[in-house]
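Take a look at the structure set out below.
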Amino acid sequence: MTRRSLLRTALRASAITLVATAAIGALARRPSPSPSPSPVERIATFGDAMPTGVTVAANGRIFVNYPQWGDNPRFTVGELKNGVVTAYPDQAINQADSARPGETLISVQSVVADSANRLWILDTAAPNFAAPIAGGAKLVAVDLARNRVVQTIVLGPDVVLPTTYLNDVRFDLRQGIAGVAYITDSSVTGPGAIIVVDLASGAAVRRLSGDATTMPDPAFAPVVEGKPVMTRPADGPAKPWKVAADGIALSPDGATLYYSPLSSRHLYAVPTALLRDPVVDPAKLSAAVCDLGLKGASDGLAVDSRGRIYGGDYEHNAIRRLADGKWETIAQDRRILWPDTLSIGTDGYLYFTANQLHRQPGFHKGKDLRRKPYELLRIKIDAGPA
């Protein structure tokens, strides 16, 4: 074969590769067809404030939370019983007190039930995304057997910056004396990060702060219900909505932490041993992060007992799953209007809130397009929590 022929062959192969790569990328941005999508079941409706987080305890108790985003909820954490949500653990702690910011709940973004029969409450202390109230950002543990607070870890200004918005949290009780917590900082104005907290001492450290993988993707432009999602104030120009690290999930063995910025379609993974080791410098930690590719735009993430990863796909009213190296759409339904937090119950179901977040007034020149009720949905996945 002549040199010119070799060159033509190489160029042809290169072109085919580029076309194939583009096709794969396009497919990754769309929900993959599934031969038998799981039916979506409605478990509860919410006629008042908009919920974000949900968690299902081992015995089936369901808890939800309502951040202070303008709906003025009567309480920021509640338990769902017989279709009705009541303040949890009681109404008193749900009354924010500026004189006791570390002792009362201010604006809770996430709730997670652990394997030790506790409900962990992540308080942003940042109503309406304002700067966190000093001494108010915290993790609170409630003993579910006694319905009493048993531990409070106030997070200091070295990890909770003026721009921080604490979003979601996962726990590994096998590490150290009492376990460790991993929290995402989903700032909309400052650096994103993973905050690692030692549950015994309360010591916390920011990791991957400002790293490209915890920050919004500069090229990300979400489209939901056929319209670009941008901040559109009533009296100002529209601006891109950029949110840092949000969804988070932990592998069954605790060795890998998965996370994703809200403003991104990429899923990232990092070894937890490196996250927890304060000796590992930022550059080495950043180099250890693995980009697992395009998954769709997610708010919440979850991992089941079989190691499969779940993510909401808020651009396509869907729930997706990564199994055996491939993403598949396991549910797609018009009712899945912004799937937020994901929680896997011991009953083999994946629970999630559908809260119409993208219809809030801040995205529509002050006009609230949300249509109550909001919903708590679930789909059968035939696996338990990781």
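The values are calculated or read from the model by the stated rules, or taken from the named source; none is laboratory data. Bear in mind the structure is a predicted one, so any value in this text is a computation, not a measurement. We place every Cβ from the backbone using ideal geometry, glycine too, and count neighbours over all the protein chains shown. Only protein heavy atoms, including side chains, enter the accessible area calculation; ligands, DNA and RNA are left aside. Shrake-Rupley method; radii C 1.70, N 1.55, O 1.52, S 1.80 Å.
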*For Gly247, enumerate residues with amide H under 5 Å from its amide H, sequence gap 5+ or separate chain, H modeled in the peptide plane.*
Ser260, Leu262
*asked:* Give the lysines reachable from Lys326 as a straight Cα distance under 17 Å; neighbours fewer than 8 places away on the same chain don't count.
replied: Lys295
_Highest-MSF residue in the chain out of Arg207, Arg308, Arg174 [GNM, Cα springs under 10 Å]_ = Arg174
*From the phi of every residue in region 339-345, what ³J(HN,Hα) in whole Hz does the Karplus formula 6.51 cos²θ - 1.76 cosθ + 1.60 yield, where θ is phi - 60° and glycine or proline is x?*
x, 9, 5, 10, 9, 9, x
_Radius of gyration and maximum dimension Dmax of region 323-386, Cα, Å_ = 14.5, 44
*Estimated vicinal HN-Hα couplings, Hz - region 182-189 in sequence order (Karplus 6.51, -1.76, 1.60; Gly, Pro = x)*: 10, 10, 8, 9, 9, 3, 9, 10
*For the chain, modelled as a GNM with alpha-carbon contacts under 10 angstrom, which of Pro51, Pro361, Pro67 fluctuates the most?*
Pro361
*With springs only between Cα atoms under 10 Å apart, run a GNM on the chain and tell me which of Ser251, Ser201, Ser305 wobbles the most.*
Ser201
_region 372-386 - phi-based ³J(HN,Hα) in whole Hz, Karplus 6.51/-1.76/1.60, Gly and Pro as x_ = 6, x, 7, 10, 10, 10, 8, 9, 6, 10, 6, 7, x, x, 5
*For the chain, what is the charge dipole size about the Cα centre, in debye to the nearest 20, if Lys and Arg each add +1 at the Cβ and Asp and Glu each add -1 at the Cβ?*
1380
*Post the alpha-carbon centroid distance, region 56-135 to region 238-310, in whole angstrom.*
24
*Straight distance only, please: which lysines reach the Cα of Lys239 with their own Cα at less than 20 Å, same-chain residues fewer than 8 apart left out?*
Lys227, Lys365, Lys367
*asked:* One quarter of the convex hull surface, Cα atoms only: what value does that give for region 103-211 in nm²?
replied: 6.3
*Using a 1.4 Å probe over the heavy atoms of the protein chains, calculate the carbon and sulfur portion of the accessible area of region 255-350 as a whole percent.*
50
*Taking amide hydrogens as modeled 1.01 Å from N in the peptide plane, which residues meet the under 5 Å criterion relative to Thr256, leaving out close sequence neighbours?*
Ser251, Thr272
*Could you give log10 I(q)/I(0) at q = 0.24 Å⁻¹ for region 278-366, computed by the Debye formula over C-alpha point scatterers of equal weight, without solvent?*
-1.14
